[in-house]
Amino acid sequence: MEQYEPDQLSPARLAAVRRSLRNGRASLSRRSLLRASTGGALALGGLGTLSACGIPAAKNTAGVSSEDHSAKEKQINFSNWTEYMDVDDSEKRHPTLDTFAERTGIEVKYTEDINDNVEFFGKLKPQLAAGQATGRDLICVTDWLAARLIRFGWVQKLDASNLPHAYANLSQQFRTPDWDPGRAYSYPWTGISTVIAYNKKALDGVEVKSLSDMLDNPKLKGRIGLLSEMRDSIGMTLLDLGKDPEKFTDDDFDAAVARLQKAVDKGQIRRFTGNDYTSDLTKGDLAACLAWAGDVVQLKADSPDVDFLIPDSGYLTSTDNLLVPNKARHQSNAERLIDYYYEPGPAAQLAAYINYVCPVDGVKAELAKIDKSAANNPLIIPDATMAAKSHSFRSLSTKEETAYEEKFAKLTGA
């Protein structure tokens with residue numbers, strides 16, 4: 001396990017956090033992103049919690065015993081992102097959570113208190129570092145933070161006997177991340193794919209089949225968008241260069257930066273964006289861009305000119321993941337909830353609402369009963385060919401993350 005030291009963010013890493021809060025995937029709720037024309041700024045309160053001020057250096061608390069009160073206390077405290085759960089027409093109830101409670105007698109206290117991974121980590125860090133309870137039984141964080149929590153020994157190993165559906169139905173492409181092989185500590189809530197989106201009218205006949213087409217065709221000068229999230233833009237560039245984002249070296253990373261720098265220098269790239277690319281793409285200010293699949297599903301429904309493609313070189317997929325933090329009071333109950341969402345019925349209800357990649361095999365038939373177009377959408381239910389092209393961005397050490405973010409910040413002008 002990695003020895004934890006208090007976070008001291010370099011200027012480049014701090015800039016990356018601000019980008020994520022301002023206009024990255026965290027800037028707006030998953031369902032409300034497309035209701036706004038531009039990305040709104042979120043308050044940066046909570047960044048101070050990332051420094052060492054007043055917080056002791058964390059101990060590796062792997063193996064911290066947690067007394068499980070699940071048998072006597074039929075409840076779960078679940079922290080998730082905003083708008084990341086199905087709701088009824090009144091938007092006051094969560095049907096799948098209600099069904100779970102009716103079936104099991106376990107009440108879920110569901111809290112939408114995650115706006116950003118780094119900010120949320122700052123909330124949990126003091127308790128986890130001290131080996132204390134966080135008041136949460138289940139959390140949902142993105143893969144890089146899940147990897148950090150596992151390395152620090154801050155989450156509980158899951159009891160496989162409570163997860164029969166999860167074990168059987170987890171899609172193959174999500175089974176063996178390098179940070180949690182075999183999913184001993186986590187299960188994905190959803191997948192988040194990075195693809196190429198384009199506006200057919202704005203392309204006006206220009207052919208785009210790859211990132212190279214976007215970066216090299218002079219007819220697209222100033223009308224190309226890349227993402228302000230380092231892992232997405234660099235990962236897709238590595239693939240375009242024939243490199244593996246799961247195994248790349250420092251030299252590979254530098255080659256990807258140089259490739260993008262060339263495009264920046266000649267004015268090919270309009271800008272590096274977060275979710276606010278959605279407005280530019282629908283208006284045609286961007287002819288093509290890197291985009292998150294969940295956005296593209298919604299954009300295609302609202303704009304006939306918007307479509308997407310998967311390059312032959314492949315695409316990048318990250319995950320938001322369910323974990324049980326140390327000292328959780330109701331681990332067995334939390335595991336039952338994880339397993340419930342790996343049953344095809346509840347998984348289909350969730351996928352129909354949030355429109356991100358469903359990590360559950362066997363869900364297509366159930367989803368078709370709710371929404372046939374969603375069931376046939378490879379951005380929600382990847383077919384075998386698409387799943388085979390999916391790649392993840394490998395885990396980074398603290399040293400690597402600092403160095404890479406600094407280089408990426410210089411590239412983007414952040």
Checklist outcome for this item: For segment 205-210, in residue order, the Karplus 3J(HN,Hα) values (coefficients 6.51, -1.76, 1.60; θ = phi - 60°; whole Hz; Gly and Pro = x) are x, 5, 8, 10, 10, 7
Item to check | 3J(HN,Hα) from dihedral phi, segment 274-284, Karplus parametrisation 6.51/-1.76/1.60, rounded to Hz, x for glycine, proline | outcome: x, 4, 5, 5, 4, 5, 4, 6, 5, 6, x
Checklist entry - By what distance, in whole Å, do the Cα atoms of segment 267-414 stretch along each of the three principal axes, largest value first? => result 53, 44, 26
Next on the checklist: Principal axis extents for segment 213-323, Cα atoms only, whole Å, descending order, please.
Outcome noted: 44, 41, 23
Checklist entry - How much accessible area per residue does segment 56-205 have, in Å², with a 1.4 Å probe? => result 43
Next on the checklist: Given the C-alpha atoms of segment 113-152, compute the convex hull and give its volume per residue in Å³.
Outcome noted: 71
Item to check | Rough spin-label spacing in nm, given labels placed 7 Å along Cα→Cβ, for Leu309 and Ile370 | outcome: 3.2
Checklist entry - For segment 258-311, how big is Rg over Rh, using alpha carbon atoms and the Kirkwood form of Rh? => result 1.00
Checklist outcome for this item: If amide H atoms are modeled at 1.01 Å from N in the peptide plane, then the residues at a separation of 5 or more from Asp113, or on another chain, having amide H under 5 Å from its own are Asn80
Checklist outcome for this item: Straight-line reach check, Lys369, cutoff 19 Å on alpha carbons, 8 or more apart in-chain or any other chain, hits among aspartates and glutamates -> Asp86, Asp88, Asp89, Glu343, Asp361, Asp383
Checklist outcome for this item: Which residues qualify? For Gln75, with a placed amide H closer than 5 Å and at least 5 residues away or on another chain, they are Glu107
Next on the checklist: Taking the solvent-accessible surface of protein heavy atoms with a 1.4 Å probe, what is the per residue accessible area of segment 362-405 in Å²?
Outcome noted: 51
Checklist outcome for this item: Distance in Å, no decimals, from the C-alpha centre of segment 189-206 to the one of segment 96-138 is 34
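Report, in listed order, any pair from Lys72/Lys109; Lys243/Lys389; Lys209/Lys407; Lys201/Lys364 with a Cα-Cα distance greater than 25 Å.
On the way: Lys72/Lys109 16 Å; Lys243/Lys389 13 Å; Lys209/Lys407 27 Å; Lys201/Lys364 32 Å.
Result: Lys209/Lys407; Lys201/Lys364 exceed 25 Å.
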Checklist entry - What are the ³J(HN,Hα) values, in whole Hz, obtained from phi via the Karplus relation 6.51 cos²θ - 1.76 cosθ + 1.60 with θ = phi - 60°, for each residue of segment 102-116 in sequence order, with x given for Gly and Pro? => result 5, 6, 10, x, 9, 8, 9, 8, 9, 10, 8, 10, 10, 10, 7
Item to check | Amide hydrogen neighbours beyond the local backbone of Asp276, cut-off 5 Å, H modeled | outcome: Gly39
Checklist outcome for this item: Taking a ≥ b ≥ c as the square roots of the eigenvalues of the Cα gyration tensor, with a/c under 1.5 meaning rounded and otherwise prolate when a/b exceeds b/c and oblate if not, segment 67-136 is oblate
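The values are calculated or read from the model by the stated rules, or taken from the named source; none is laboratory data. Everything numeric in this text was worked out from a predicted model, so none of it was measured. Every residue, glycine as well, gets a Cβ built from its backbone with ideal geometry; the counts of neighbours run over all protein chains shown. Heads up: the accessible areas ignore ligands, DNA and RNA and are worked out on the full protein's heavy atoms, side chains in. Shrake-Rupley method; radii C 1.70, N 1.55, O 1.52, S 1.80 Å.
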